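Undergrad: What follows is a structure written as structure tokens; I'll ask about it next.
The values are calculated or read from the model by the stated rules, or taken from the named source; none is laboratory data. Just so it is clear, the structure is predicted and the values come from calculations on it, not from any experiment. Every residue, glycine as well, gets a Cβ built from its backbone with ideal geometry; the counts of neighbours run over all protein chains shown. Surface accessibility is based on the protein's heavy atoms, side chains included, excluding ligands, DNA and RNA. Shrake-Rupley method; radii C 1.70, N 1.55, O 1.52, S 1.80 Å.
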Amino acid sequence: MERYRAQRIRGLLALGAAAGLLLTGCGAGDSGDSSADNNGYASGFPAPDHTHSTGGTGEQKNNDGNDDSESRDFEAAPDYLSTFALDVDTASYGYARRALADGRLPDPSTVRPEEFVNSFRQDYDRPDGNGFTVTVDGARTDREDWSLVRVGLATRPAADADERPPAALTFVIDISGSMAEPGRLDLAKDSLGVMTDQLRDDDSVAIVTFSDEAETVLPMTRLDDNRGDIHDAIDSLEPTDSTNLGAGVETGYETAVEGLREGATNRVVLVSDALANTGDTDADTILERIASERREHGITLFGVGVGSDYGDALMERLADKGDGHTTYVSSEDEAREVFCEELPKNIDLTARDAKAQVAFDETTVSEFRLIGYDNRQVADDDFRDDSVDGGEVGPGHTVTALYAVRTRPGTEGHLATATVRWLDPNSRAPHEESGRLETGSLDSSVWSASPRFQVTATAAYFADALRLGDDRWTALPGGSHLSELASRADRLATTTEDEEVRHLADAIHRATDLTGQD
């Protein structure tokens, strides 16, 4: 499906009039989390939810906070559903910032709006246990009848380091010649060294390197009294030869399986510029070779991208197919944050195979489109098929999906219901949690909504501006010139006192200069 292709809705109104063109999407339910069965309705409608679990909010409420049992019975027409696998990748935004800092615009094909949006802290309520809370809100744009609707999912806060399960981390490190550029291998070595000092004694680390061939430099080793050996292995890494990324991933998973620890969280962490030029260079082929290890043992892949030249598409596919996610680092501060803060957060899991479905109400909505998630879309009928891959999400995460929604003039009432479904990381039991939005709860303007909603919109509009000129995508409703967007980001940086929002404003200013949109 083409990105940002407007999903025209086809359905019957109450009087039987035909409406719109075909839409596809991701859909929803209510604010109840249930230990759900695997069926749902044959029509593809989201099944009403009548029970709740401790994984989410525990109560079914509308946006006013009142119990709303009618929301359990809402069923969207099939053309009013939108379904996608959850994704917490942020690499696209990090790489775009790096390109702009280097004085060039990012290639539009590397700009994924959902990764821009998910790069910023949100203030969603969080659950007490595993699973998600669901927040659905929205605001009207300057374009008539068009609104932005935000679906926000949040996991529980990350536990203290001594409360999480032990980790068994297999680092697969690119030592090809291209990694000699400053800000690549040197950055990784420094950060890995700091991380080694911060991991617990009962954690384990293995190190695999690859250039034209792959080698296990350090088998799975408990930190305990072996930190010196791990530091020696890290310090010995030197760039050489070409990039056989396929061999690195295959050997990395073999090493992870050999060192598999029951009761621990087993991860493969790939550090590379992903500029594969030797051996297998296709993500599907690479991961098919290790499919049994990945599925049988539940070993997920965390991709860390580096370098001014970066194989973005390959790294993203590897992470998607490897049940993991990606990030990108270009500075010492960013690298230390990833290895010393983000990676520990991702050691634990709160949800496996998580998918979201949003069901729009045909009586109030005439058209919608999901912003981004192009490579994560799932067939609507597969929402409750737990054999279909979803996303793996850890504690301390938020996932945001933004929709452009056109409402029918003069209509009021229910607008959308969003449902997230996931498997418990230990028992693999399915659970669901839902939230809903009424037209009356839409803010009158995107730019009078909450500051965090405005940050979400600013990030999405920025990604949209960087992709304009490519005929595959149409402009988001309510967008503005980059110079105006930069001014809004400046004000938001002051309001939120958030350093990351300041970095966003700086990036928009650089893009403004490069495009001449003063």
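Undergrad: Please work out the FRET efficiency for the pair Glu484 and Ser427, using the Cβ-Cβ distance as r and a Förster radius of 56 Å; give the result to the nearest 0.05.
TA: 0.65
Undergrad: When the gyration tensor of segment 292-434 is built from Cα positions, what are the square roots of 5 times its three eigenvalues, in whole Å, from largest to smallest?
TA: That gives 31, 20, 14 Å for the three semi-axes.
Undergrad: Still on this structure: What FRET efficiency do you get for Asp212 and Thr411 if R0 is 51 Å and r is their Cβ-Cβ distance, rounded to the nearest 0.05?
TA: Values: r = 63 Å, r/R0 = 1.23.
Once rounded, the FRET efficiency stands at 0.25.
Undergrad: For a bin width of 5 Å, list the pair-distance distribution of segment 310-362 built from all Cα-Cα distances, rounded to whole %.
TA: 4, 14, 18, 19, 20, 11, 7, 4, 2, 1
Undergrad: Once you keep just the Cα pairs under 8 angstrom separated by 6 or more residues, what percentage relative contact order results for segment 400-518? Each step should come with its number before you reach the end.
TA: On the way: 108 pairs, mean separation 20.7, N = 119.
Dividing the mean separation by the residue count of segment 400-518 yields 17 percent.
Undergrad: To the nearest 10 Å², what's His397's accessible area with a 1.4 Å probe?
TA: Answer for His397: close to 20 Å² accessible.
Undergrad: Now for a different question. Please give the charge dipole size of segment 332-451, origin at the Cα centre, charges +1 on K and R Cβ atoms and -1 on D and E Cβ atoms. Round to the nearest 20 debye. Each step should come with its number before you reach the end.
TA: Numbers: 12 positive and 25 negative charges, 67 e Å.
Magnitude of the dipole: close to 320 debye.
Undergrad: Using r as the Cβ-Cβ distance of Asp142 and Ser109, and R0 as 22 Å, what FRET efficiency do you calculate, to the nearest 0.05?
TA: 0.15
Undergrad: Cα centroids of segment 228-288 and segment 461-503: how far apart, whole angstrom?
TA: Cα centres, segment 228-288 to segment 461-503: 36 Å.
Undergrad: Compute, for Asp386, the solvent-accessible surface of its heavy atoms (probe 1.4 Å) with the complete set of protein chains present, and express it in square angstrom to the nearest 10.
TA: Here the residue's solvent-accessible area equals roughly 30 Å².
Undergrad: Test of the criteria: in segment 131-176, which trypsin sites (Lys or Arg not before Pro) are in a DSSP loop and have at most 14 other Cβ atoms within 10 angstrom of their Cβ?
TA: Arg143
Undergrad: Can you pull out the trypsin sites (Lys or Arg not before Pro) in segment 94-130 whose DSSP state is coil and whose Cβ has at most 10 other Cβ atoms within 10 Å?
TA: none
Undergrad: For a quick check of your reading of the filter: which chymotrypsin sites (Phe, Trp or Tyr not before Pro) in segment 435-482 sit in a DSSP loop and have no more than 14 other Cβ atoms within 10 Å? Intermediate values should be presented prior to the final figure.
TA: Numbers: sites: Trp447, Phe453, Tyr461, Phe462, Trp473; in loops: Trp473.
Loop-located and lightly packed - none at all.
Undergrad: Pop a pseudo-label 7 angstrom from the Cα along the beta-carbon direction at both Thr363 and Gln517 and give the gap in nm to one decimal.
TA: For Thr363 paired with Gln517, the spin-label model returns 3.9 nm.
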